[in-house]
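The values are calculated or read from the model by the stated rules, or taken from the named source; none is laboratory data. Bear in mind that the values here come from a model prediction, so they are computed numbers and not experimental data. Here Cβ is always computed from backbone atoms with ideal geometry, including for glycine, and neighbour counts include all displayed protein chains.
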Amino acid sequence: MYIEKGDVKIIFQINNCKNISISIILKLLIFTFIFFFPKHLSAKFCAKEDYINYVSDFTGCIAITIHRDVNTKESLYKKKIVFFIHGDQIEPKVTYFDNFVSNFSFDDTVLISITRPGWINKKNNKSDGKKNISNGDNYIPNIDVDPIYRTIKKIKKKFNSKEIIIVGHSGGAAITGILFGRFNNIVNEAILISCPCIVPLWRKNYAEQLSLKNKKRICIPKYKSKSPHEYVKKIDSKIKINIFVGEDDKNTLPLFSYQYHLLLKNFGKNTHLNIFSGDHTSVLKSRKMIEKIKSIIAKI
């Protein structure tokens, strides 16, 4: 290695005795950063982060609702946390799943609803990062799933929580299934309600129903979304997966839940299927299902 005065030039000698200029190394490092980490260059972050209304993410602010008295943050530390993730809907403001969450209350457990990117919660707080929530392409890993994962991870670390349960309904169940299929060591147990867990079959069925209703053929566009069933092999076998569906569900057919359940079993995963009375949304009022979820949360 030597340095010339004037135009500074630093040369490194490597094992094969070839000399590499540090300027080339720096260019390679800059190129690698730009190519592999573009999201960091355009990161927005969230100045409103308070872990009560918002959590900061690369996409901006992710809105959350904590369903308990939060006059003191100390009441949130070292508690079991149950995250609730809502489904898809065309209207941007989502309130229906908060009504479902109101069925639950535990002294040793914190219940938190996460508003998915692009939607608005009952407090009129919006989650950033999603521009079009109405085109049905709502399970794209880096846009729809990763912000939820990072939010859960940050809250888990912030409040030093050891047990994490995720309850997802419909599209929120699909998000949950993709999440624990892609990321280990984040969730202990999951409850998937009315899950389109084999997304291609669900889309096909949905298009066929629309075709019959409108009496014209519906063409399915090409989506970037992924499906929970694509990640079955990677799921940590220690995660307990509860699959709940209404027997009269014409949207996410019970067949889809059953097929996903069988796929999980074939790969040795810890899966449990339960069918309750109700359809895609009325199943959320099933007393038997609500009591089952209460027992799951209490036992973990």
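Below is a table of values for the structure above.
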quantity: Number of the condition not met by ASN124 [criteria: (1) under 26 Å from VAL283 (Cβ atoms); (2) in a loop (DSSP other than H, G, I, E, B); (3) out of contact with any helix residue (DSSP H, G or I) (no Cβ under 9 Å at 6 or more places or on another chain)]; calculated: (1)
quantity: Matching residues in region 116-129 - criterion: being touching a residue at least 60 places away in the same chain (Cβ under 8 Å) and surrounded by fewer than 21 Cβ atoms within 10 Å (Cβ to Cβ); calculated: LYS123, ASN125, LYS126, ASP128, GLY129
quantity: Filter result for the condition that a residue is at positive phi, at pLDDT 95 or above and among the polar types (S, T, N, Q), over ASN138, ASN124, ASN142, ASN103; calculated: ASN124
quantity: Only one of LYS216, LYS222, LYS285, LYS204 that is modelled with pLDDT of 95 or more and assigned by TED's automatic domain parsing to the domain that holds ILE164; calculated: LYS285
quantity: Output for region 148-163, where each listed residue is in a helix (DSSP H, G or I) and of a type in the set (Ser, Thr, Tyr); calculated: TYR149, THR151
quantity: Some residue of region 152-165 being in the same structural domain as LYS130 (by TED's automatic domain parsing), in contact with a Ser or Thr (Cβ under 6 Å, 6 or more places away or on another chain) and loosely packed, with under 15 Cβ neighbours inside 10 Å; calculated: no
quantity: Failed item in (1) touching a residue at least 60 places away in the same chain (Cβ under 8 Å); (2) buried (at least 18 other Cβ atoms within 10 Å of the Cβ), with THR281 passing the rest; calculated: (2)
quantity: Boolean, PHE97 is out of contact with any Gly (no Cβ under 7 Å at 6 or more places or on another chain), under 30 Å from LYS288 (Cβ atoms) and either part of a helix (DSSP H, G or I) or outside the structural domain of LEU264 (by TED's automatic domain parsing) (or both); calculated: yes
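So that you can scan it fast, the table gives a plain yes or no per residue for (1) touching a Cys at 6+ places or on another chain (Cβ under 7 Å); (2) over 22 Å from LEU284 (Cβ atoms):
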{"site": "ILE220", "(1), (2)": "no, yes"}
{"site": "LYS224", "(1), (2)": "no, yes"}
{"site": "LYS233", "(1), (2)": "no, yes"}
{"site": "LYS238", "(1), (2)": "no, yes"}
{"site": "LYS250", "(1), (2)": "no, no"}
{"site": "SER257", "(1), (2)": "yes, no"}
